[in-house]
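Heads up: the structure comes next, in structure tokens.
The values are calculated or read from the model by the stated rules, or taken from the named source; none is laboratory data. In this text, all values refer to a predicted model and were calculated from it rather than measured experimentally. Please note: Cβ atoms are built from the backbone with ideal geometry, for glycine as well, and neighbour counts cover all protein chains shown. Just the protein is used for accessible areas: all its heavy atoms, side chains included, with ligands, DNA and RNA removed. Shrake-Rupley method; radii C 1.70, N 1.55, O 1.52, S 1.80 Å.
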Amino acid sequence: MISVDAVGVEFSGTTLFSNITFNVNENDRIALMGKNGAGKSTLLKIIAGENKPTQGKISAPSDAVISYLPQHLLTEDNCTVFEETSKAFSKILWMKNRMEELNHQLETRTDYESDAYSKIIEEVSELSEKYYSIEEINFDAEIEKTLLGLGFVRKDFSRPTGEFSGGWRMRIELAKILLQNPDLILLDEPTNHLDIESVQWLEDFLKNSAKAVIVISHDKTFVDNLTNRTIEITTGKIYDYKTNYSHYLELRKERREQQQKQFDDQAKQIADIQQFIDRFKGTYSKTLQVQSRVKMLEKMEIVEVDEVDTSALNIKFPPAPRSGNYPVITDGLSKKYGDHTVFQDVSFTIEKGEKIAFVGKNGEGKSTLVKAIMGEIDFEGKLQVGHNSLIGYFAQNQASLLDENLTVFQTVDEIAHGDVRTKIKDLLGAFMFGGDTIEKKVKVLSGGERTRLAMIKLLLQPVNLLILDEPTNHLDIKTKDILKDALKSFEGTIILVSHDRDFLDGLATKVFEFGNKRVKEHFEDINGFLRNKKIENLKEVERSQKV
């Protein structure tokens, strides 16, 4: 059992949270929820031992292993995939090497009676007890099995980690965690860089193989499928619900309704008391009663109503200008980088008004095909963008293309037209730019803030073909819902590269699956595709077992 005991954090005299206490038990699958800035990532880093709290402490058994996967990957670029994964066993290997070193000293030293010699014996004994209590492991075999299970092939083992995309580097970190078999896994937005199949693999692994998990995620489906407990950070304290995310939302609504009723009742009581004080404070015969009520007010503990983000905005794209009936047509399209074929002989037609999801493993060509449509790369074969197709494009690196010298408000104001100019502050607020943040320069914004700002710019452009490459990576659940509603009512054509099942559900009406250098068209929504994909995978397993 790992205990969080009266933990608090202050920054520059401001309290982020205080007196947070809870236990993490085996089989807990905890979702850590709360609005941006509530302190979720900070609390995770404290539990991981990366940060120190201002007050309180984290208690864990001395042999407990806590593994932490931050939002930003820590893999180094100076080693291979196999070498990086081997770091999972670094403590065990260090113990082995240290024992060999100490035993060599015992064999070569002659100061048998000295304190130094005795200390070496003590250290060897202590290390030996720990080392030999660990089940014997064939490190290379375990690393190989784990990497293959995560989708790597043997030739990848000797490649530098720097050659891999964010999703594959995330898998290297996950492989290290899996091999450590930790008592507690801490994950901060783990699905941001994973394709749908990887997210499903991670979900299954955490549900069936992990001992205990705390996760921060804006992927509603992932959180709902995984968790059995939800801890919410709000107004500097926590609420602990023994249930998953969807049920937590219902319970939280009930709790806040009760708080509001208590707050209203107390406010009426305070008003009545204050009215009595104001009426009789100069009346001699009522002096004791007035003093009694003054003390009552001083001692009264004011009921707090937890923060509720009441901002809601019905965002709509401008009317889509009329386009041709077929915004994108490809015929025999192929793309190679040197000897590496990304995809070949791709032929499809996208009709006006269709909402298409591009799905498949990372590195199979989804973003490459988008770049081909945008004319950013050369290719073989034919690709035709339809008559009067006006493209709104959100690239994965869209945030880096913003003018760093403009403020948040100026960035939006310079492209806003018509009635929307009167609602810029509301629009910014819906995307979590409130108060003084609208005057911040773009160059001081975080990566997530830049992504949200780039998304707002896209919402204001009159286009009829939207191409969005992983648009939800830095958006919280509420903002994703706002964007999803806007896309559902968009009259034009949409191409979505996304791993977020909940975001695609009810939005994409057709799926293009990328894999094995091909693009396969599926005439069904994302749930139908995933159901059939699971059935296909099961049949593959059955076939391989019969062989």
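Pairs spanning more than 23 Å between alpha-carbon atoms, out of Lys488/Lys533; Lys361/Lys534; Lys261/Lys480; Lys316/Lys480; Lys457/Lys484; Lys510/Lys534: Lys488/Lys533; Lys261/Lys480.
Of the GluC sites (Glu not before Pro) in region 408-507, which ones lie in a loop per DSSP and count no more than 15 other C-beta atoms within 10 Å?
Working: sites: Glu414, Glu439, Glu449, Glu491; in loops: Glu414, Glu491.
Sparse-neighbourhood loop GluC sites (Glu not before Pro): Glu414, Glu491.
Where a ≥ b ≥ c are the square roots of the eigenvalues of the C-alpha gyration tensor, would you call the chain rounded, which needs a/c under 1.5, or, failing that, prolate if a/b is larger than b/c, or oblate? Let's see the in-between values first.
Details: a/c = 2.14, a/b = 1.04, b/c = 2.05.
Oblate.
Charge dipole (Cα centre; +1 on Lys/Arg Cβ, -1 on Asp/Glu Cβ; no other charges) of region 1-90 amounts to roughly 400 debye.
Projecting the Cα atoms of Thr493, Gly515, Ile526 onto the charge dipole of region 467-532 (Cβ charges, centred on the Cα centre) puts Gly515 farthest toward the positive pole.
Label-to-label distance, Glu404 versus Thr287, with points set 7 angstrom from Cα along the beta-carbon direction: 7.1 nm.
For Leu106, the accessible area of its heavy atoms, probed at 1.4 Å with every protein chain present, is near 40 square angstrom.
Rounded to a whole number, what % of the accessible area of region 332-422 do carbon and sulfur atoms account for, probe 1.4 Å? Let's see the in-between values first.
Details: 2000 of 4720 Å².
Solvent-exposed carbon and sulfur of region 332-422 make up 42 percent of the total.
Where a Cα-Cα gap under 17 Å defines reach, which lysines qualify for Lys268, not counting those fewer than 8 residues away within the same chain? Of all the lysines, those that pass the test against Lys268 - Cα under 17 Å, at least 8 places apart if same chain - are Lys299.
On the beta carbon distance between Met374 and Asn325, with R0 = 22 Å, the FRET formula returns roughly 0.60. The sum of -39500 (n - 2.57) across all DSSP H runs of n ≥ 4, divided by the residue count of the chain, sets its helix-only mean residue ellipticity at 222 nm to -12500 deg cm²/dmol.
The order of Phe82, Phe152 by accessible area, most exposed first and with a 1.4 Å probe, is Phe82, Phe152.
Name the shape class, rounded, prolate or oblate, that the alpha-carbon gyration tensor gives for region 7-55, where a ≥ b ≥ c are the square roots of its eigenvalues, rounded holds for a/c under 1.5, and otherwise prolate holds if a/b is larger than b/c and oblate otherwise. Prolate shape, in that a/c is at least 1.5 and a/b is the bigger ratio.
The relative contact order of the chain comes to 14 percent, based on Cα pairs under 8 Å that sit 6 or more residues apart.
Within the set of other residues whose C-beta is less than 11 Å from the C-beta of Pro53, count the net charge using Lys and Arg as +1 and Asp and Glu as -1.
Details: positive: Lys45, Lys52, Lys57; negative: Asp5, Glu10.
Here the count lands on +1.
With protein chains left intact and a 1.4 Å probe, residues in region 339-414 average 49 Å² of accessible area per residue.
Determine the gain in length on full extension of the stretch Glu304-Tyr239; use 0.36 nm per residue of separation and subtract their C-alpha separation, reporting nm with one decimal.
Values: separation 65, 0.36 × 65 = 23.40 nm, distance 1.36 nm.
Full-extension gain reported as 22.0 nm.
Solvent-accessible area of Ser498, all protein chains in place: 10 Å² (probe radius 1.4 Å, heavy atoms, ligands and nucleic acids excluded). For Ala486 and Asn532, what does the FRET efficiency come to when R0 = 25 Å and r is the distance between their Cβ atoms, rounded to the nearest 0.05? It comes out at approximately 0.30.
Sorted largest first by accessible area at a 1.4 angstrom probe radius, with every protein chain in place, the residues Lys268, Lys96, Lys533 fall in the order Lys268, Lys96, Lys533. Dipole size of the chain about its Cα centre, with +1 on Lys/Arg Cβ and -1 on Asp/Glu Cβ: approximately 1840 debye, rounded to the nearest 20.
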